[in-house]
Structures are given as C-alpha cells and as structure tokens.
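Enquirer: I'd like to ask some things about the structure below.
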Amino acid sequence: MDTCIFCKIANKEIPSEFIFEDDKVFVIKDINPKAPIHYLIVSKEHIQSIIHLEDNHQEIISKMIFAAKSVAEKFGLKGYKLVFNVGKEGGQVIDHLHLHLLGGWPR
Ligand code: 5GP
Ligand code: ZN
C-alpha cells in the first residue's frame, strides 16, 4: 500500500533512523513521543492491525516482542510499557501494525 507512511519508511522512501532491524521488523523513534523514551516497533509487512493477524504472522509478533526487549536493554530500561493500539476504537491512528515501547519515567 503506497499511501501508508510506515510502508514508505520500511521501503526507505522516507529516510528514518532504524534503532533496530531484522528481517521482519524495524524500530524507529516516535515523532511525537508520549513518554521520555518512545519507540515504535513496526512490521516490515503491511498488516493493518492485530485484528488482521493470521496464523502465518506468528513469527512477526514474536520478533516484535524480542525487538522491544532488545531495544529496552540497549537503553538500559529496567521497566517499560508495551502497547498495541488496536483499531480506531482502540486509539490506532496508523493502520500498519506497530508496537509502542514507552519508558524512561523518573522513579
Ligand atoms: P497509533 O495511535 O496508530 O498506535 O500510533 C501511531 C504513532 O505513530 C503515534 O504515536 C505517532 O506519534 C507516530 N507517528 C505518526 N507519524 C509518524 C512518522 O511519520 N514517523 C514516526 N517516527 N512516527 C510517527
Ligand atoms: Zn503499511
């Protein structure tokens, strides 16, 4: 889908720093952070949302969680939130599967 912003970032049509990348996912800084540290773990494949997951997407979801863990370790986070907004009613604005990694609040 060539109108999708995350597909454009995935395809490098829009330059963006990848904090982490493997064959299924990449991680970017959120452009409008809602926490001191806010990254987005994004699937390379265009999948609309958790609602649209199929059995063959299990590896992607697994790799998203492990990418989040890896980025959290890289930035020394001892605790954080992982959030999927699912569908319009769940607050999802960009219709391309992504996981929010939020943290860095003072204790
Ligand atoms: P959603 O509400 O769909 O779960 O979250 C979308 C997130 O993407 C928001 O937190 C928003 O700030 C972020 N975002 C929107 N456009 C861009 C962009 O062009 N680049 C980056 N890095 N983040 C974006
Ligand atoms: Zn997309």
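Nothing in this text is a laboratory measurement; each read-out follows from the coordinates by a stated rule. Predicted, not measured: the structure shown is a model, and the values here were computed from it. Glycine also receives a Cβ, built like all others from the backbone with ideal geometry; neighbour counts cover every protein chain displayed.
Enquirer: Taking the 0 to 90 degree range and rounding to the nearest ten, how far is the long axis of helix 58-74 tilted relative to the main principal axis of the chain, both from C-alpha atoms?
Expert: On a 0 to 90 degree scale, this one is about 30.
Enquirer: Provide the net charge surrounding Q48, with neighbours chosen by a C-beta distance below 13 Å and charges set as Lys +1, Arg +1, Asp -1, Glu -1.
Expert: So the surrounding residues net to -2.
Enquirer: Answer with one residue from F6, I94, I65: the one whose Cα lies farthest towards the positive end of the charge dipole of the chain, charges on Cβ with Lys, Arg +1 and Asp, Glu -1.
Expert: Result: I65, furthest along the dipole toward the positive end.
Enquirer: With no solvent and one point per C-alpha, what does the Debye sum give as log10 I(q)/I(0) for segment 6-75 at q = 0.14, 0.19 Å⁻¹?
Expert: -0.43, -0.79
Enquirer: Quick one: net charge of I60's neighbours, Cβ under 13 Å, K/R +1, D/E -1?
Expert: In short, -3.
Enquirer: Among V27, V71, V93, whose mean-square fluctuation peaks in a Gaussian network model of the chain (Cα, cutoff 10 Å)?
Expert: Maximum fluctuation in the GNM of the chain, among the listed residues, is at V93.
Enquirer: To the nearest 20 debye, what charge dipole does segment 1-88 have about its Cα centre, counting +1 at the Cβ of each Lys and Arg and -1 at the Cβ of each Asp and Glu?
Expert: 460 debye
Enquirer: If you don't mind, another one. I'd like the GluC sites (Glu not before Pro) in segment 52-107 restricted to DSSP loop residues with at most 13 other Cβ atoms within 10 Å, sorted by number.
Expert: When the GluC sites (Glu not before Pro) of segment 52-107 are filtered for loop state and at most 13 Cβ neighbours within 10 Å, E54 remain.
Enquirer: What lysines could a cross-link reach from K81, if we take a straight Cα to Cα line under 21 Å and drop same-chain neighbours fewer than 8 places away?
Expert: K29, K34, K63, K69
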